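Have a look at the structure below, then the notes.
The values are calculated or read from the model by the stated rules, or taken from the named source; none is laboratory data. Not measured: the values here are computed from a predicted model. Note that we place each Cβ from the backbone using ideal geometry, even for glycine, and neighbour counts take in every protein chain shown. Accessible surface is based on the protein model in full, side chains and every heavy atom, while ligands, DNA and RNA are left aside. Shrake-Rupley method; radii C 1.70, N 1.55, O 1.52, S 1.80 Å.
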Amino acid sequence: MNSIDRLLANNKAWAKQCIIDNPHYFQNLVGIQNPQYLWIGCSDARVPANTIVGLNPGEVFVHRNIANQIIPSDLNCLSVIQFAVEFLHVKDIIVCGHYGCGGVKGALENKKLGLIDHWLKHIKDLSLRNKVELEKISDFDQRINRLCELNIHQQVLNVCGTNSVQEAWKAGQPLSVHGVVYKLHNGLIKKLDLCISSPEDVKRIS
Ligand code: CO
């Protein structure tokens, strides 16, 4: 069986099982998309959004890119946020980074990777802004992990700074932004002290 045939066979088995469990499963999903959450995470294959938080199809709107970044010129990510906030009225936006992130590692090392260097430039800048703190950490893996946390903090601020989120708060729409980090070695998510529900909260963590 070639690689794509394996996926199609898996898909057939999955769809069949869903219908066995609930004959209306797909009919119910076709009608409306009404997720409570927007997830912004890393593309890393080991951090699949729905799976690690036990959510079914229909429960989370997802955007993933290398090193879970929200870059103000990235129309893709900004459009996802706008759609999720303005049209789906999600209640929570979760920025989930992960320790040992290859993108963060790449930004910290001075290797040339090609096009990706442009994408990682923002994290490089972040590492320079936090050079003093980062250089105090002698263990390189721990230094990467600290930069992973700093990156999540920055990306939470970036989400909060988008027009979509600002306008939602102005209109009194309930909306919180959370920063969390996933641990590859045990599969657990750790909350960082980053739960933002208003412009006042943004000032607290800026
Ligand atoms: Co990553």
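A few points about this structure:
- Distance between the C-alpha centres of segment 75-107 and segment 109-148: 20 Å, rounded to the whole angstrom.
- Candidate cross-link partners of Lys112 among the lysines, defined by an alpha-carbon separation under 25 Å and a same-chain spacing of 8 or more, comprise Lys121, Lys124, Lys131, Lys136.
- Taking the average, over residues, of other Cβ atoms within 10 Å as the packing measure, peptides 154-160, 189-195, 81-87 rank 154-160, 81-87, 189-195 from highest down.
- With all protein chains kept in place, the per residue accessible area of the chain amounts to 58 square angstrom at a probe of 1.4 angstrom.
- Comparing Ser176, Ser138, Ser127 in a Gaussian network model of the chain, where Cα atoms under 10 Å apart are tied by springs, the biggest mean-square fluctuation is seen for Ser138.
- Convex hull volume of the chain per residue (C-alpha atoms, cubic angstrom): 155
- Apportionment of accessible area to carbon and sulfur, the chain, percent (1.4 Å): 55
- On Cα atoms only, tilt of 140-160 relative to the major axis of the chain in degrees: 70
- Among the trypsin sites (Lys or Arg not before Pro) in segment 1-77, those placed in a DSSP loop whose Cβ has at most 13 other Cβ atoms within 10 Å are Arg46.
- Prolate/oblate/rounded label for segment 41-84 (Cα gyration tensor, a/c 1.5): oblate
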